[in-house]
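Here's the structure, in structure tokens; my notes come after.
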Amino acid sequence: MFTYDQIFANKKNILFVMAHPDDILVYYAALVNKLVKDKKNIYVLTVSNGARGSQKNIISEEELAKKRLDEEIAALKFLGVPKENAHSLNYKDGELESNYKLIGEVTKLIRKYKTDVVCTHEPTGIYLETYKKDGFFVQHRDHRKVAEAVVDSAYPFSRDRSFFPEHAKEGIEPHTVYDIVLTDEAKYNF
Ligand SMILES: [Zn+2]
């Protein structure tokens, strides 16, 4: 386990890549708050529009997606992250895959922002134990798929020029990420 200073003290550009519009706040609100106070450059990429993330579905998917993305932007603004630093790929909720297309999209932002540290979900666990005694939960599929693509994007795809050479034609050069931070999702599933 590393401390905040060990990971972030000498770093400047931090990119968060999350599956759904509320994930940045559920998992990383306190970290974003601290990073903003420490004058780091914060960028956020939300992969899905979150249109199906309701158990009741009393409004349309379009309305729910807009509401969730608007709420995310407002919450990030409250934390001190400007709207222009928040991006959405608008993928359909529940249909995320870790594939070459998504790796390319994440890689492009890692390179564009010269990302020192990339933060995302936990990619490996499917059936995870919570801190609660005898408690288990299923890790959301979208979280796993996004996290896998992000880890691959950070290494080696962002570093190596042979991957996605079209980025360089737009002036976006290969870049090496120093650290990857993953969520401890068990902490949030009591
Ligand atoms: Zn989520």
Length gained if residue 168 through residue 141 is fully extended, taking 0.36 nm per residue and subtracting the Cα-Cα distance, is 6.5 nm
Which one, 171, 104, 125, has the greatest fluctuation when you compute a Gaussian network model over the chain with C-alpha springs under 10 angstrom?
171
Under Karplus coefficients 6.51, -1.76 and 1.60, residue-wise ³J(HN,Hα) of region 118-127 in Hz, glycine/proline x:
10, 10, 8, 7, 8, x, 9, x, 10, 10
Might you report the magnitude of the Cβ-based charge dipole of the chain about its Cα centre, with Lys and Arg at +1 and Asp and Glu at -1, to the nearest 20 debye?
460
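Using the Cα gyration tensor of the chain, with a ≥ b ≥ c the square roots of its eigenvalues, what is the shape: rounded (a/c below 1.5), prolate (a/b larger than b/c) or oblate (neither)?
rounded
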Binning at 5 Å from 0, report for region 1-88 what percent of all alpha-carbon pair distances ends up in each bin.
3, 14, 24, 22, 15, 10, 6, 4, 2, 0
Using the Karplus curve 6.51 cos²θ - 1.76 cosθ + 1.60 with θ = phi - 60°, what ³J(HN,Hα) values do you get for each residue of region 98-107, in whole Hz, with x for Gly and Pro?
8, 9, 4, 5, 5, 4, x, 5, 5, 4
Please work out how much length the chain gains when fully extended from residue 1 to residue 114, using 0.36 nm per residue of separation minus the C-alpha to C-alpha distance, in nm with one decimal.
38.2 nm
Please list, in chain and number order, the residues 5+ apart from residue 88 or on another chain whose amide H is under 5 Å from its amide H, with Hs placed from the backbone.
46
Long-range amide H partners of residue 52 with built H, under 5 Å
93
The chain: relative contact order from alpha carbon pairs under 8 Å, six or more residues apart, as a whole percent, is 25
Rounded to the nearest 5, the percent of antiparallel DSSP beta bridges in the chain equals 15
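Using Cβ counts within 10 Å as a stand-in for footprinting exposure, how do 47, 138 rank, fewest first?
Values: 47 28, 138 11.
Lowest count first: 138, 47.
Scanning the chain for GluC sites (Glu not before Pro) in DSSP loops with at most 12 other Cβ atoms within 10 Å, what's the longest stretch left with none? Please list the in-between numbers first.
Values: sites that count: 95, 170.
Looking at the chain, 1-94 is the longest stretch - no exposed GluC sites (Glu not before Pro) with at most 12 other Cβ atoms within 10 Å.
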For residue 16, what residues show an amide H to amide H distance below 5 Å, using hydrogens built from the backbone and excluding near sequence neighbours?
43, 44, 45, 119
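Coordinate-derived values only; no laboratory data. Small disclaimer: the values here were computed from a predicted structure and weren't measured. Positions of Cβ are backbone-derived with ideal geometry, glycine not excepted, and every protein chain shown enters the neighbour counts.
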